[in-house]
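The values are calculated or read from the model by the stated rules, or taken from the named source; none is laboratory data. Only a predicted model underlies this, so the values are computations on that prediction, with no experimental measurement involved. Here the Cβ positions follow ideal geometry from the backbone for every residue, glycine too, while neighbour counts run over all protein chains shown.
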Amino acid sequence: MIYLYAYTNFKDGLDSLRRVKVIYEFLTQKGKECEILVNDYRAQLTARDWGLPLATTIETIKDIDAVAGQEDTIIIDSPEPIEGKVLSYPSKFSRVIYLNSKCENVEFNGAETVDVYSLNSLIYPNLNIDAKRDNGLFIYGDSDYEKIILNNLSIFEGKNLDFYLGTYFFVKYEDKLASVFNSFVESEEYYSAIQEYPYIVTSSIQVAIDIARNGGKIVFLELKELNKCQKKFLDEHNISIVKDLSLDIIKINDNKSNNISNLNIIFTNM
């Protein structure tokens, strides 16, 4: 069995689940038996809405060994600290693959580490972008625990944008946004929506990857300060970073490619 652990919660969102979805579908198409692990019920339901089987919930990365056995392969996509008994996972399991999304070096001896921000190991879906709408979509992410959007509403006035309501947004949050955004897209519509809009404004690096690597129009709105590594990554992929919105700066990315070859390189001998 291959266990894919996607770290999910109301502060960090579902970017790990987005990557795990791609990997799960790739491996099951190869005939591999896989099971997804997440941290909470909401993520479990969203995964199902995204076409995945019902995932198993565990509390933290330290609980993987309560589910998996020594003959199993473990794929971990989590920014949680690699410490304590987690350091023993490579000796407990048949194989451990660690997807590093922290934009920094992580010591995990015995595990096969994959830098998810490396050009050769980007993980994203294959999309068929066919814009059917005449306005853009703003995807902040899956939650706004700090209410950053509400504190920056003036940025979006008159920009003709719809708004993506993430899995972890507060109840009735859309009521406060209705005066600025045209309409709302629910979290279960993520994959259909990002293929229908002519351009996407986002504050999520993984969403930016999903769009840009499929040749879509994307601009990254920096509402929370990025670190140097993240800025370098976006710049290398020709993704504009702005602090205010002037939609004439959005440019078509020319870096469309097929992700299957990348996954074949990463997940060999499985």
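Points to keep in mind about this one:
- Top-ranked residue in segment 186-199 [being over 17 Å from the mean Cα position of the chain (by Cα) and buried (at least 18 other Cβ atoms within 10 Å of the Cβ); ranked as modelled with the lowest pLDDT]: TYR199
- Residue in segment 233-240 that is in a strand (DSSP E or B) and of a type in the set (S, T, N, Q) present: yes
- Filtering segment 63-106 to residues that are outside any helix (DSSP H, G or I), more than 19 Å from GLU35 (Cβ to Cβ) and among the small types (Gly, Ala, Ser) leaves only SER101.
- Selection within segment 155-180 - surrounded by 13 or more Cβ atoms within 10 Å (Cβ to Cβ), closer than 17 Å to GLY141 by Cα and among the hydrophobic types (A, V, I, L, M, F, W, C): ILE155, PHE156, LEU161, PHE163, LEU165, PHE169, PHE170, LEU177
One line per residue, one yes/no per condition, for (1) within 15 Å of the chain's Cα centre (by Cα); (2) hydroxyl-bearing (Ser, Thr, Tyr); (3) closer than 30 Å to PRO90 by Cβ; (4) in a loop (DSSP other than H, G, I, E, B):
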| position | (1), (2), (3), (4) |
| --- | --- |
| TYR124 | yes, yes, yes, yes |
| ASP134 | no, no, no, yes |
| TYR145 | no, yes, no, yes |
| ASN152 | no, no, no, no |
| ILE155 | no, no, no, no |
| TYR168 | yes, yes, no, yes |
| ASP175 | no, no, no, no |
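- Which listed residue, of SER101, SER94, is among the polar types (S, T, N, Q), under 29 Å from LEU27 (Cα atoms), touching an Asp or Glu at 6+ places or on another chain (Cβ under 9 Å) and surrounded by fewer than 17 Cβ atoms within 10 Å (Cβ to Cβ): SER94
- Where a residue in segment 229-244 is over 20 Å from TYR140 (Cβ atoms) and its partner, wherever it lies, is of a type in the set (Gly, Ala, Ser) and surrounded by 13 or more Cβ atoms within 10 Å (Cβ to Cβ), with Cβ under 8 Å and at least six apart: ASN238/ALA212
- Of the residues screened, ASP244 is not one that is touching a Pro at 6+ places or on another chain (Cβ under 7 Å) and in the same structural domain as ILE155 (by TED's automatic domain parsing).
- Count of residues meeting criterion [touching a Phe, Trp or Tyr at 6+ places or on another chain (Cβ under 9 Å), of a type in the set (Gly, Ala, Ser) and either farther than 14 Å from ASP142 by Cα or assigned to a helix (DSSP H, G or I) (or both)] in segment 7-42: 1
- Apart from one condition, ALA68 fits all of (1) touching a helix residue (DSSP H, G or I) at 6+ places or on another chain (Cβ under 7 Å); (2) buried (at least 16 other Cβ atoms within 10 Å of the Cβ); (3) not polar (S, T, N, Q); the exception is (1).
- Of all the numbered requirements in (1) in contact with a helix residue (DSSP H, G or I) (Cβ under 6 Å, 6 or more places away or on another chain); (2) surrounded by 14 or more Cβ atoms within 10 Å (Cβ to Cβ); (3) not polar (S, T, N, Q), LEU54 misses one, and that requirement is (2).
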